[in-house]
Structure formats: C-alpha cells, structure tokens
Amino acid sequence: MPRTLSLLRLRCLIVVLLLAFLSSALFPLFAQTFDATNLRQSTDLNGTWLVQAGDDPAFSSPTFDDSHWTPFNVGTSIKQIFPNSRPPILWYRLHVKVSPSQPGLALHGAPDR
C-alpha cells in the first residue's frame, strides 16, 4: 500500500509541475489587458496583442469575440505570423481597461513592423 500511495503522489507531482510549466510557458502568448485606470503619463504599449488578417466591420466592436485571433508580440516582425506575404489589411487588438472618470486619455499604439 505505501508503494502505491508513493507512486500516486509522484504522478500527481509530475502533473502539477507539468501544468505549472505549461501555464508559465503559454501565458505570454495570450493577449494582455492593459490597465490604464491609474495612468498619469505616457507609457509603452508594447507586449502581446492580437492580430487578424482581413477586414470585417464586426472587428471594431468591443464585444467581438477575438479568442481565435493570433497572439502577436508587437516587438517582433509580423513576418513571423505571415512569412510569405503580408495581408493587405490587418487588425490589431489590445484590451484596455479605463476608468470613466479619466477624460482626455490618449493612447499611442505600437508601430507596425
């Protein structure tokens, strides 16, 4: 019985470690939410955004489901996602949290690479 319990604990530990590794390795791939609620100065919006080729008026809706869009680190070249040719129209998305009491907030996006 102790050997069985020990093997079970070992298996559980391996699963927990594997999940921890995968979550830390995959987390940067998901688009970030930029919290601008306490923003008082200019700040860099580089990080992980979402990108989608094509053009659809629905893309402009704040409630549009972008969960299938491709995560993209804006500090790298778009050629990593579209290595053969750049689509004529690309949409980039970054979720930004703002406070209704922040009038005149201006954000500047990352340059297109």
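The values are calculated or read from the model by the stated rules, or taken from the named source; none is laboratory data. Not measured: the values here are computed from a predicted model. FYI the Cβ positions are ideal-geometry reconstructions off the backbone, even for glycines, and counts take in every protein chain you see.
Brief remarks follow.
- Flag for GLN102 being at pLDDT below 90 and out of contact with any Pro (no Cβ under 6 Å at 6 or more places or on another chain): yes
- Taking the criterion of being without any contact (Cβ under 8 Å) to a residue 12 or more places away in the chain, under 26 Å from LEU39 (Cβ atoms) and surrounded by 12 or more Cβ atoms within 10 Å (Cβ to Cβ), the only residue of the range 52-102 that qualifies is PHE64.
- Residue that is farthest from VAL96 (Cα to Cα) [pool: residues in the range 25-71 that are modelled with pLDDT of 80 or more and among the hydrophobic types (A, V, I, L, M, F, W, C)]: ALA53
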